[in-house]
Amino acid sequence: MISTAIRVARVGSAAELAAAVLMLLGFPCLMLAALVPSIPAFAAAAAVTYLADHYLHRKGSYLVSRLSKVRAGLSIRFLIRQLLLILLLARLSLADNLIYYGAIACFIAFYGLQAPHGALTTLIRNRRRMPVATRNVDLASRIRIPDAPPQALLNRAAEKMLHLDLAAVVGILVGASLESAAVGYTGIGITVAAGTLYVLALLPYVRGRKTPPSPEKVLDAVDDWLREYRPETVLYFSGSKDSAYQVNMWLETMEQLDTRPLVLLRERVILQNLAPTTVPVVCVPGGVHLMNMDLSTVRVALYAANVGKNIHMLRVPTMKHVFIGHGDSDKLASVNPFSKVYDEVWTAGRAGRDRYAIADVGVRDDDIVEVGRPQLAPIQTWRGVPGDRVPTVLYAPTWEGWDDNPGNTSILLAGENIVKKLVKADPAVRVLYKPHPFTGTRSAKAKAAHQRITALIEKAAAARAADPRFTADTAAQSEAKAELARIEARLAELTGGTEKGDEAEASRDGVADVARHEETARLRAEWNTAYWRSFPDWEHRVITGAEPRLYDCFNVSDAMVSDISSVVSDFIASGKPYAVTDSAELGVEEFKRQNTAVRAAVILSNSAKELGGLLDAVRDPAADPLAEDRGELKRYLLGPDEPKSIDQFNTAVGQLALKAETRNLGQESRITTGGPDVELADAVPVPRASAAGEADGADAV
């Protein structure tokens, strides 16, 4: 019942639901207390509404945003409470008392302060919003960007301003209870004075040296930096908050390029969710600003997603455009017909090339280049299970998806069967369960199945810990835990306090400290090592959260069970045995026909009765019937091991840059020798002063 109410109200927890109910019931109780009248009851109901409202705002509750849609927003709720307080005073026969008129004057004056307060906070935020936000770009030496206002002034400013009425409300209630007008006037004075001071505190940030430079100066400074840095290869990305992982997966590859890299983003929310990197990052939300930016030195543009805003970069002919995608899979997105607009499409291996040929969507085979998957470099190749430890099997199912297709995930129909067979396996294996982060977010059934699987593993872990056959080196584990604590403390020092006050300040100060960045990467690797040493290598484990990462789980596992997703394609890089669940029960042959990545897998039915084949392959690699097939599939999906993928990638970038340069020289030659009638504007990016008309047309495409 409670879980249903939580889902319907779209709140995050039972506590949040309780706060919402208390707040909604509190206002009728306020009216009732005012009509009775009862000062203690009014004070209690008011306290409940204040506290519940504050809690819901702090939690960022969906309900709070919905209330504003039905004209019951934050300001209205405070106004209603104040009006009910006036009603209480009238019912207490205080309508002829000066405190009554004082309360009315106070609330009118207080609301009079809301307008300048709201205008100032909006103006400050707008003025400090940069036309171009950056990371790892030296703007401080080119323009003066003042410090951001204190967060105490701007963070949840409207809520803070409205809560200043608390002094007046308390003062009036206490004054009415004690029949002391002085107490009421004191509260009124504090509210009006505090509101006035709040407004005055904001004034300095809308004038003088505390305001950022104009958009024109910021754009000129970015162009000046671009002319000095001379970027050669751009990773271009546009998308929603949830798609940030698609650009994050390419950041390490960009750091390893032989050419000068630049990451170009289109949405501020992507910049806010970008992983740490040493590569210069420029976020340009406006299409006009992007098309007027000096990118004349760029020769290769890489695209990780097919989105509408790509048109703003694709229109530039002086660079070659490449679709690199964000994963290797048999999904339809991997053969999007939009890919025809790019000069080349880069795939991991031969499988990507064949997908386009089969799909026949207009992408020519000559325009496809196989470059491997540089992101898979951290995945270690399997060399069998050492005889002194229990084999580890990773269960990494994907989530339930947006519909109820039974083939989306194994959790619903097969998950418990898989885990039960693994924890009862003889000889024993260790189970690592790492569910997709979205598991259970849409389907209550999937969430319940996940919880049952978690309970199964935790119960099995407790039973194994009590089994005398399994011993642990407690001293080594204690040492590892101490090491974890030390590393986490140091990481907190390195990463703590890096959040800037606002976009302008973050752009000014967001230059990565390379030594700090390298130390952080080294410590994360040390943390991963210490984490796996902090508990016995036979202990079953449920792993959620960002750390340890999926690839770290790959490296400590000897086999994996999963579903159709890019997880399977990535795991194939390890060469380890794996199983995939045919949850939709298509049958082995049809399942393999539809999904290239499972052609070297043990195919599981929902009963998971075929798991024995996977465990046999782990225990005796020499008798593994699919070992050769996995090797062939790995080369087919991901390309050869040599040369390394990053070397293939750099070679492809270099070759395409040469093509772009050859094209540009040819255009210059035609113009200077009076060849074909070619407009110079078609060969180089448009100057800032003349692109507004073209931008409007591009935005409409």
Picking from 409, 441, 398, the residue that is within 28 Å of the chain's Cα centre (by Cα), hydroxyl-bearing (Ser, Thr, Tyr) and farther than 30 Å from residue 631 by Cβ would be 441
If you go through 631, 545, the only one that is surrounded by fewer than 21 Cβ atoms within 10 Å (Cβ to Cβ) and within 27 Å of the chain's Cα centre (by Cα) is 545
The residue that is modelled with the highest pLDDT, considering only those in segment 378-400 that are assigned to a loop (DSSP other than H, G, I, E, B) and buried (at least 23 other Cβ atoms within 10 Å of the Cβ), is 397
Output for Cβ contacts, cut-off 7 Å, separation at least six or different chains, first residue not assigned by TED's automatic domain parsing to the domain that holds residue 260 in segment 271-288, second crowded, with 16+ Cβ neighbours inside 10 Å and among the charged types (D, E, K, R), reads none
Assess whether residue 376 counts as being closer than 18 Å to residue 541 by Cα and either in the same structural domain as residue 648 (by TED's automatic domain parsing) or of a type outside the set (D, E, K, R) (or both). no
Scanning segment 401-435 for residues that are more than 26 Å from residue 612 (Cβ to Cβ) and not charged (D, E, K, R), the one surrounded by the most Cβ atoms within 10 Å (Cβ to Cβ) turns out to be 401
Among the residues of segment 152-185, the number that are under 22 Å from residue 202 (Cα atoms), touching a residue at least 24 places away in the same chain (Cβ under 8 Å) and not in a loop (DSSP other than H, G, I, E, B) is 11
From the option list 417, 336, single residue qualifying as farther than 18 Å from residue 555 by Cα and more than 26 Å from the chain's Cα centre (by Cα) is 417
Considering residues that are touching a residue at least 24 places away in the same chain (Cβ under 8 Å) and assigned to a helix (DSSP H, G or I), the number found within segment 84-104 is 10
Within segment 607-639, residues being closer than 20 Å to residue 324 by Cα and in contact with a strand residue (DSSP E or B) (Cβ under 9 Å, 6 or more places away or on another chain) number 1
#### Entry: Yes/no for residue 567 being crowded, with 20+ Cβ neighbours inside 10 Å and under 24 Å from the mean Cα position of the chain (by Cα)
yes
Test residue 618 against the stated conditions and say whether it is assigned to a helix (DSSP H, G or I), of a type in the set (Val, Ile, Thr), at pLDDT below 95 and at negative phi.
yes
Counting only residues that are touching an Asp or Glu at 6+ places or on another chain (Cβ under 7 Å) and of a type outside the set (Ser, Thr, Tyr), segment 438-448 contains a total of 2
Matching residues in segment 257-284 (charged (D, E, K, R) and farther than 22 Å from residue 515 by Cα) number 3
Within segment 304-313, of all residues that are out of contact with any helix residue (DSSP H, G or I) (no Cβ under 6 Å at 6 or more places or on another chain) and not small (Gly, Ala, Ser), the one surrounded by the fewest Cβ atoms within 10 Å (Cβ to Cβ) is 307
Reported set for segment 458-493 where residues are touching a helix residue (DSSP H, G or I) at 6+ places or on another chain (Cβ under 6 Å) and under 21 Å from residue 429 (Cα atoms) is 460, 470
Subset of segment 25-39, residues touching a residue at least 24 places away in the same chain (Cβ under 8 Å) and exposed (fewer than 15 other Cβ atoms within 10 Å of the Cβ), comes to 35, 36
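The values are calculated or read from the model by the stated rules, or taken from the named source; none is laboratory data. These figures come from a predicted structure and were not determined experimentally. Cβ coordinates were reconstructed from backbone atoms using ideal geometry, including for glycine residues, and neighbour counts include every protein chain displayed.
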